[in-house]
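This report refers to the structure that appears directly beneath it.
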Amino acid sequence: MDTLAIVVLNYNGLSFLRRFLPALVAQADGHPVYIADNASTDASVPWVKHQFPGVRIIEMGTNEGYAGGYNNALERVRSEYGGATYYALVNSDIEVTPRWIDPILQLLESDPMMAACQPKIRAQQERTLFEYAGAAGGYLDWLGYAFCRGRVFDVLEPDTGQYDDNRPVFWATGACLFVRASVFHETGGFDTAFFAHMEEIDWCWRVQRLGHSVWACGQSVVYHVGGGTLHKSNPQKTLLNHRNSLYMLYKNWPADGWFLGKVFARLVFDGLSSVLYLVAGQWGDILAVLKAHGAFYGHLPTLMKQRRALRKSEKRPAKLYERSLVWQYFGKGHHRFNQLDQ
């Protein structure tokens, strides 16, 4: 069994593979690199086979998104190649740096209850700034709005070393996510109903409820293009983010007396976001929010079963940020992580 398997999920990402795979292979420190191909229709697979014959390729017959793609790929790494103690799930649009692996492996080795860890994520084009998808480790407020050390809503901080420490966080980004293989397989991996977006936050929430921890490592840095597969302006991304956020919240929210009130409040906030889309003339995004809510209601029977099962297996609650990020940002003008009321 390998110590680490580096697995890149690819879907029609030939341009990114050409840019970033050479450095990834060079900086793999002897660990095997896999390309898990989600039924690409471009020349990704032939190019990798020709240029990097030492890279192991897992070809899948259909595109099952990030969640299903990684679930299938990591199961095949385990069954066909003997598996690994840890997996590094790396987006095809990630640029790695020297020694990006060792600090994270050392951190994971220090605590057997640590289920996941991420490096610092900087923007690949504006290289002094943190990148939206993960920055220096993620958190979630009580209404399910995600934010990070280094990123609150769309405000990105410059990386001046303020988050160079190692510390537990609520979620680690799927853009470059190290996971303990045993925990990933024991939990069934990602929820495939998500397809893509926020499945890693849902998984991090679930593993914390089982007693594990999630960390960010300040001594490891990678760069992320962001939006390489699905740009944030695409209404499909709006649909996935709104729908999957509701899926995740309903499954995992603590069972307190305010549970249904919180669900209602989140639905109201989603409605207010539609007003902003209306003002901007973004009709596709308005339709996406409506579709997301329809999908949520249609998926409720399954979510109810999942919620009951998760409550039965819970060993400890996962701690959310108890204040409203919306109020912190829009009401109090707190646009940076270290400005938020703790």
Exercise for review: Run down ASP102, ASP93 and say which single residue is at pLDDT 95 or above and closer than 14 Å to LEU24 by Cβ.
Suggested key: ASP93
Practice item. Considering each of ARG76, ARG19 in turn, give the residue that is in the same structural domain as ASN166 (by TED's automatic domain parsing), farther than 19 Å from THR173 by Cβ, touching a residue at least 60 places away in the same chain (Cβ under 8 Å) and not in a strand (DSSP E or B). Key: ARG19
Review point. From the set of residues in the range 251-270 that are modelled with pLDDT under 75 and either in a loop (DSSP other than H, G, I, E, B) or of a type in the set (Ser, Thr, Tyr) (or both), which is surrounded by the most Cβ atoms within 10 Å (Cβ to Cβ)?
Key: TRP258
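Give me the residue from the range 34-73 that is part of a loop (DSSP other than H, G, I, E, B) and charged (D, E, K, R) and, out of that set, surrounded by the most Cβ atoms within 10 Å (Cβ to Cβ). Working first, answer last.
If we filter the range 34-73 for residues that are part of a loop (DSSP other than H, G, I, E, B), which is where we start, we get 38-43, 52-55, 60-64.
Those still in the list that are charged (D, E, K, R) too: 42, 64.
Details: ASP42: 14, GLU64: 19.
Filtering the range 34-73 for residues that are part of a loop (DSSP other than H, G, I, E, B) and charged (D, E, K, R), the one surrounded by the most Cβ atoms within 10 Å (Cβ to Cβ) comes out as GLU64.
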Revision key, fill the gap. Considering the range 141-163, residues that are aliphatic (A, V, I, L, M) and touching a strand residue (DSSP E or B) at 6+ places or on another chain (Cβ under 7 Å), and then whichever is surrounded by the most Cβ atoms within 10 Å (Cβ to Cβ), we arrive at ALA146
**Study point:** Scope the range 296-333; condition assigned to a loop (DSSP other than H, G, I, E, B) and not hydrophobic (A, V, I, L, M, F, W, C); matching residues
**Key:** HIS299, GLU314, LYS315, ARG316, PRO317, LYS319, GLU322, ARG323, SER324, LYS332, GLY333
Review point. Which residues, counting only those in the range 164-181, are surrounded by fewer than 21 Cβ atoms within 10 Å (Cβ to Cβ) and outside any strand (DSSP E or B)?
Key: ASP164, ASP165, ASN166, ALA181
Review point. Has the range 110-132 got any residue that is assigned by TED's automatic domain parsing to the domain that holds GLU200, closer than 22 Å to HIS242 by Cα and of a type outside the set (Ser, Thr, Tyr)?
Key: yes
Review point. Quick check: anything in the range 14-31 hydroxyl-bearing (Ser, Thr, Tyr) and under 19 Å from the mean Cα position of the chain (by Cα)?
Key: no
**Study point:** Among residues of the range 104-133, those that are under 17 Å from the mean Cα position of the chain (by Cα), farther than 12 Å from ALA172 by Cβ and not in a strand (DSSP E or B), counted
**Key:** 2
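The values are calculated or read from the model by the stated rules, or taken from the named source; none is laboratory data. Predicted model, so just to flag it, every value in this text is computed and none were measured. Positions of Cβ are generated from backbone atoms using ideal geometry, with glycine treated the same way; all protein chains shown enter the neighbour counts.
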